[in-house]
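As C-alpha cells, the structure follows; a few thoughts come after it.
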Amino acid sequence: MIKILFICLGNICRSPMAEFLLKDMVKKRGSAADFYIASAATSTYEIGNPVHRGTRTKLAQYAISVAGKTAVQLTKEDYARYDYLIGMDTANIRDIMRIIGSDPQHKVYKLLQFAGSERNIADPWYTGNFDVTYDDIYEGCTGLLDYLQNKTIV
Ligand code: 4NP
C-alpha cells in the first residue's frame with residue numbers, strides 16, 4: 001500500500017484536484033487497492049469547506065466526483081502516516097517543513113519534480129485558470145505513477 005498526501009495552501013483547489021485525479025487514474029489502471037490517497041492544507045483558511053467550484057467543474061468534465069471532501073489541515077503526525085507528502089509549489093514545501101519539522105525519510109516532494117520539472121502548480125485561487133492547473137497536475141500525477149512503477153519493478 002502506497003500512501004500519498006497531496007498538499008496545497010487551502011486544500012480546496014489544487015490538492016483535492018490531484019487527490020481525485022490520481023484516484024481516478026489508479027482506478028482506471030486497476031490498482032486502486034494498492035493506494036491510499038488524500039489531501040490537506042498548510043493553512044487553516046478553508047478548513048471544513050467543500051472543494052472549490054472551479055475544481056469540481058473541471059473534474060466533472062472527466063466524470064470525476066469529489067463528493068464528501070472537505071478541507072483539512074496537515075498535521076505533524078501525517079509525516080508518519082504517509083509515504084509521500086507532495087506539495088504544489090515552493091511556498092507549500094516551506095510551510096510543510098514548518099509543520100512537520102524535518103524530513104529524515106525524504107518523503108516531501110513538489111509535484112512537478114515527478115515530471116522532471118522544478119515548476120510550481122499555479123494557484124487557480126489567484127489565476128482563475130483551472131484548465132492550466134489541471135494540465136500541470138495531470139502531468140505531475142502521470143510522472144508520479146511512472147516513478148512508482150519503475151521503483152517497484154526492479
Ligand atoms: P489552493 O488554493 O491552495 O489550491 O486550495 C487556495 C485556496 C484558498 C486560499 C488560497 C489558495 N485562500 O486564501 O483562502
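The values are calculated or read from the model by the stated rules, or taken from the named source; none is laboratory data. It should be emphasised that the depicted structure is a prediction, and the values quoted were computed from it without experimental measurement. Ideal geometry is used to build each Cβ from the backbone, glycine not excepted, and the neighbour counts take in all protein chains shown. Keep in mind that these areas ignore ligands, DNA and RNA; they rest on the heavy atoms of the full protein, side chains included. Shrake-Rupley method; radii C 1.70, N 1.55, O 1.52, S 1.80 Å.
Looking at the structure I just gave you, is LEU5 surrounded by 20 or more Cβ atoms within 10 Å (Cβ to Cβ), more than 15 Å from the ligand (Cβ to nearest atom), in contact (Cβ under 8 Å) with a residue 24 or more places away in the chain and within 16 Å of the chain's Cα centre (by Cα)?
No.
For SER65, the conditions (1) assigned to a loop (DSSP other than H, G, I, E, B); (2) within 17 Å of ASP24 (Cβ to Cβ); (3) polar (S, T, N, Q); (4) out of contact with any Phe, Trp or Tyr (no Cβ under 9 Å at 6 or more places or on another chain) all hold with the exception of (4). Summed over segment 30-61, residues that are away from the ligand (no atom under 16 Å from the Cβ), within 14 Å of PRO16 (Cβ to Cβ) and of a type outside the set (A, V, I, L, M) total 0. For segment 28-36, the criterion of being closer than 23 Å to LYS107 by Cα, surrounded by 20 or more Cβ atoms within 10 Å (Cβ to Cβ) and of a type in the set (Gly, Ala, Ser) is met by no residue. When each of THR57, THR142 is tested for being open to solvent by less than 70 Å² (accessible area, probe 1.4 Å), outside any strand (DSSP E or B) and not small (Gly, Ala, Ser), the lone residue that passes is THR142.
Under the condition of being over 23 Å from ASN120 (Cβ atoms) and open to solvent by 50 Å² or more (accessible area, probe 1.4 Å), the residues counted in segment 8-27 number 1. Checking each residue in segment 113-128 for being surrounded by fewer than 16 Cβ atoms within 10 Å (Cβ to Cβ) and more than 22 Å from GLY54 (Cα to Cα) picks out GLY116, SER117, GLU118. Screening segment 96-138 for residues that are under 16 Å from GLU19 (Cβ atoms) and more than 16 Å from the ligand (Cβ to nearest atom) and picking the one that is nearest to the chain's Cα centre (by Cα) gives TYR109.
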